[in-house]
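The block underneath contains the structure these notes are about, expressed in C-alpha cells.
The values are calculated or read from the model by the stated rules, or taken from the named source; none is laboratory data. Bear in mind the structure is a predicted one, so any value in this text is a computation, not a measurement. In this analysis, Cβ positions are derived from the backbone assuming ideal geometry, glycine residues included, and neighbour counts consider all displayed protein chains. For the accessible areas, the whole protein counts, side chains as well, though only heavy atoms, and no ligand, DNA or RNA atoms are used. Shrake-Rupley method; radii C 1.70, N 1.55, O 1.52, S 1.80 Å.
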Amino acid sequence: VQDTGGSSAVSKCSAAARGYIQDRFLPLLAGRRRRRAPLVHRGYYIRARAVDHCLQDFLLQTQRHPRTQILSLGAGFDSLYFRLKDLGLLHHTVVYEVDFPRVTCQKAALIKRVKELSLLVGDTGGEGSGAVTFSGEDYKLLGVDLSELSELERALEEAGLDKEIPTLFIAEVVLTYMESSRSDSLIRWAAERFSQACFLLYEQMCPGDPFGRVMQQHFSQRSSALLSLAQYPDGEAQQRRFLGQGWTECSVMDMNEFFTCCTPEDEQQRVQGLEPFDEYEEWHLKCSHYFILAASKGMEPSWTPLVPSRPVPPQSGPIRVAGSVTAAVCAHIPGLRRYGHHSLLIQPNVILTTGGFGEEHGQHCRVRSFHLLVKHAGCWRAASGTQGSPDRRWGGRLYHTVSCLSNGLALVVGGRTSPGSAGLGMLCLKFPESCDASAPDDITVELGSLQPAAAPAALRWRHTTTEVTFKGEKYLFLYGGRSASEPVMGDWCFLHTSDLSCTVVPVEGPAPEGRHSHSACSWEGGVLVAGGLGAAEQPLGSVCFLRELDHAFQWQVVETHPPLIPRYSHTAHVHEGRLLLVGGVWFQLPSVPGLAVIDLLTGVCLEYSIHTEHLEWPLMLHNHSSVFLPQEEELLLIGGGGNCFSFGTHLNPEPVSLSLSNILTTH
C-alpha cells in the first residue's frame, strides 16, 4: 500500500510531461521518471482534474474566512501544497498531509534536499517533533497510520489542527485500502469533530463486472487489496455511507459523467488532441470504475462542487432486462486471444479470423497469421494446417473489415498499426471456393494483389463495410470510422464489387452524425447502422437505415421503444426482421451490455443479460467479433478484451457460444 503513492507520482509526472497536467513540481517529487501509455495519462488527468475542481471550489467558497485548512489523507508524494503555494492560494490556509511514517520521512528528506521545494515552505520549515516529520508555517507533514484513529487525532492536535474552522479532507484512493470498519470510523470522526467540514473522496467502484474483476485482481496481486468495495460497490452505496456517518450533503459522479458535464468542451478537445489515442473502450471503462464524492456539513452555503456546468446528455431510464442467455465455452481452441480483429463466415462451417492484437508465438503483438475455425461433427476446432503467410502488405492491422466478394474471394478494407500511423489500404484474401470441413488442415488462405481505384477511401479504421444492392448491382457500403487526422468520420463510399471502384450513388435524407466503432448490417438491400462513438467521444443510441429506393438510397431513422441505450464497440447481426446487438461499451452502470434485440417492424427493443457463471474468467464483450449461425440460431463470440488501464491486459481466452433459440422463438 505504501508503494502505491510512488507509482501514482510517476504516472502523474508522465502525464504532466505530455501536457495533460500543469504541474512543475511533480518531477521534483516523483524521483524516477518513466513514460506511461496515453491511456494512463488520460486516467491520471481526469483524477487530477476532478480533485482540483473540488479543491478550487472549496478555496473559492471559503476565501472570506480568516482561516481555513486542508487535510490530505494518504498524501504520498502529492504536490498539492507546492502548487497552491506557488499560485498564491494559501494566504490563510494551512495544509496538513498524513501518510505512513516511512513515506513522510522520505518526503521530508526530499523537501529539505530540493531547494525549489524548501524555499516555498519558507525559512521556518524544518523538522517537527513526534509524528510531525516536517513543519512549516502553512505546511505540516505527519507520519501516522490512518487506521489508528486516536493516534491520528492526537498527532493532528499537536500539529495545530483547528476543529472549528472550515476544513477540507482529501482522500485519493486511500480509504479503500483500509478495513471498512476503520474507514467508516474515520469518516464519522471527521463529521463529528469538525464543525465546518468538507470531504473529497476519489476511489474505485463497480467490482463485480469483468473490468472490475480484473481491477480487483490487480490490486490483490500487489498486496493492496481494495477492502471496502464489497460493502460499498457503487456511488449510491458511498452516498448512503457518508449520509449515515453524519454528513448532511453528499454528491457523487463517476468519471465519465464528470468529464462530460464538469469539464469545459474546449478543455475536452485539448486533452483529446494531446497525443494519438485509440483506446476509447478502456478509457470509458476506467472512468466508469472511479468516482469523485463531495460531502459536507456545517457549511454556509452548502458545499456542492459537483454541479454540471454543461447540459447532462439524455440518460436512458432503468434497464429493463427481458431475460438472459447463458454463455458456454468452446473449449480447447487455441490462437484466438486477441482484440481489434475481424471474423467472417467464409463457408457454412468455416470461420476466418484475421488481424487484431493478441497472443502469437507466446508473446503479445499485432497478430499476422490467419486463423481458421472449422465445425465438424458438431464441434468447432482450429485448423492446424498452413493458412498462408501474410507479408508486409498485411501490416499487422487492427480494426479492419473483411467482406466476401464471391466464393473464394474476400476484401480487406482499412485498419491500422499504431494510432498515429496512417490507415492501411485494401487487400484481397483468396481461399478455396468449397471447403471440406472433415479435412480442415487442407484449407489455405492467401493474400492476393489488389490496386483498386478507391484505395484512398479505405485509409481508415473502426469503420464498417456492408453489402448493399442498387438497381440490381452489388456494392460494398464503406461508412464512418476514423483516421490519423480525423477522429470521427461521417462520409461514405459505394465500392462496386466488380472492380472495387468508388461509384457515385445518390443518397437522400439527413445524414447521421459521424461515428466510429458502430455496427452495420445488410437488410432489404440497404444498411442498418446502430450505435457508435460520436465526435464528442460519447456513445450513440441511434439506429439508422439506409433504404434502397428506385432512384436513390435514403437515410431513415429507426425509432426504438424504449430508446436503445447508447453503446459502441459492439457487433451486430440481422435475423428474420430482428437486429441483434452483441456486447459493447455503455455508461449504464453497474451493468454491462449483453444482447439487445430490436424488432425492425415494431421498433420494440429488449435487453438480455448474459449469464457467465460457467466461465472461469471475465467475459469482456468489446473489441470482440461474433458470427451468427442462422440454422442453429447460435452466436459464436470470438476474442475481445483490451488493456485494462494500468491493471494489465485481459484477453478472452476461448470462444464462447450463445444459444438464442429460446429468445428468438418468443418474439
Please count how many residues of the range 120-131 are open to solvent by less than 30 Å² (accessible area, probe 1.4 Å) and either closer than 19 Å to A171 by Cβ or modelled with pLDDT of 90 or more (or both). 2
Given (1) at pLDDT 90 or above; (2) farther than 22 Å from W617 by Cα; (3) open to solvent by 60 Å² or more (accessible area, probe 1.4 Å), number of the condition R337 does not satisfy: (2)
For S485, work out the one condition from (1) free of Cβ contacts under 8 Å to residues at least 24 places away in the same chain; (2) in contact with a Ser or Thr (Cβ under 6 Å, 6 or more places away or on another chain); (3) of a type in the set (S, T, N, Q) it doesn't fulfil. (2)
Determine whether the range 50-59 contains at least one residue that is surrounded by 20 or more Cβ atoms within 10 Å (Cβ to Cβ), in contact (Cβ under 8 Å) with a residue 40 or more places away in the chain and not in a helix (DSSP H, G or I). no
Only residues in the range 601-628 that are touching a residue at least 40 places away in the same chain (Cβ under 8 Å) and in the same structural domain as A327 (by the TED database) count as the first member; pair them with residues that are basic (K, R) and open to solvent by 20 Å² or more (accessible area, probe 1.4 Å), Cβ under 9 angstrom, at least 6 apart or cross-chain, and list the lot. L606/R320; E607/R320; P618/R213
How do the strands (runs of 3 or more DSSP E) wholly within the range 410-476 filter down when requiring 3 or more residues that are modelled with pLDDT of 95 or more: which remain? 464-470
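Any idea which of S522, S498 is surrounded by fewer than 21 Cβ atoms within 10 Å (Cβ to Cβ), part of a loop (DSSP other than H, G, I, E, B) and of a type outside the set (D, E, K, R)?
That would be S498, the only listed residue that is surrounded by fewer than 21 Cβ atoms within 10 Å (Cβ to Cβ), part of a loop (DSSP other than H, G, I, E, B) and of a type outside the set (D, E, K, R).
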Residue ID - farthest from V656 (Cα to Cα), chosen from residues in the range 349-367 that are open to solvent by 40 Å² or more (accessible area, probe 1.4 Å), without any contact (Cβ under 8 Å) to a residue 60 or more places away in the chain and touching a Lys or Arg at 6+ places or on another chain (Cβ under 9 Å): R366
If a residue has to be among the hydroxyl-bearing types (S, T, Y) and touching a Leu at 6+ places or on another chain (Cβ under 6 Å) to count, how many in the range 600-627 make the cut? 3
Among the residues of the range 323-334, write down those that are surrounded by fewer than 17 Cβ atoms within 10 Å (Cβ to Cβ), of a type in the set (G, A, S) and at pLDDT 85 or above. G323, S324, A328
Matching residues, the range 101-119, being open to solvent by 60 Å² or more (accessible area, probe 1.4 Å) and either over 37 Å from the mean Cα position of the chain (by Cα) or touching a residue at least 40 places away in the same chain (Cβ under 8 Å) (or both): P101, R102, K112, R113, K115, E116, L119
Of all residues making up the range 282-303, the number that are within 20 Å of E172 (Cβ to Cβ) and in a loop (DSSP other than H, G, I, E, B): 2
(1) at pLDDT below 95; (2) in a loop (DSSP other than H, G, I, E, B); (3) touching a strand residue (DSSP E or B) at 6+ places or on another chain (Cβ under 9 Å) all hold for S223 apart from (3)
Looking for something open to solvent by 30 Å² or more (accessible area, probe 1.4 Å), assigned to a helix (DSSP H, G or I) and closer than 30 Å to E300 by Cα - is there at least one such residue anywhere in the range 69-84? yes
List the strands (runs of 3 or more DSSP E) that sit entirely inside the range 120-193 and contain at least 1 residues that are in contact (Cβ under 8 Å) with a residue 24 or more places away in the chain and closer than 30 Å to Q217 by Cβ. 167-172
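Rundown of residues vs (1) in contact with a Cys (Cβ under 6 Å, 6 or more places away or on another chain); (2) open to solvent by less than 10 Å² (accessible area, probe 1.4 Å), yes/no style:
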site	(1), (2)
E203	no, yes
S220	no, no
A225	no, no
M255	yes, yes
C262	no, yes
S288	no, yes
F291	no, yes
S302	no, no
V307	no, no
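Among the residues of the range 525-539, are any in contact with a strand residue (DSSP E or B) (Cβ under 7 Å, 6 or more places away or on another chain), part of a strand (DSSP E or B) and open to solvent by 30 Å² or more (accessible area, probe 1.4 Å)?
no
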Restricting to the range 229-252, name every residue that is in contact with a strand residue (DSSP E or B) (Cβ under 8 Å, 6 or more places away or on another chain), crowded, with 20+ Cβ neighbours inside 10 Å and not in a helix (DSSP H, G or I). L229, W247, C250, V252
Report, by residue number, each residue of the range 445-488 that is in contact with a Pro (Cβ under 8 Å, 6 or more places away or on another chain) and under 21 Å from G408 (Cα atoms). L447
Write out, first by first residue and then by second, each pair whose Cβ atoms fall under 7 Å of each other, whose residues are 6+ apart or on separate chains, and whose first residue, in the range 255-282, is within 19 Å of P308 (Cα to Cα) while the second is assigned to a helix (DSSP H, G or I) and open to solvent by 50 Å² or more (accessible area, probe 1.4 Å). C262/H53; T263/R49
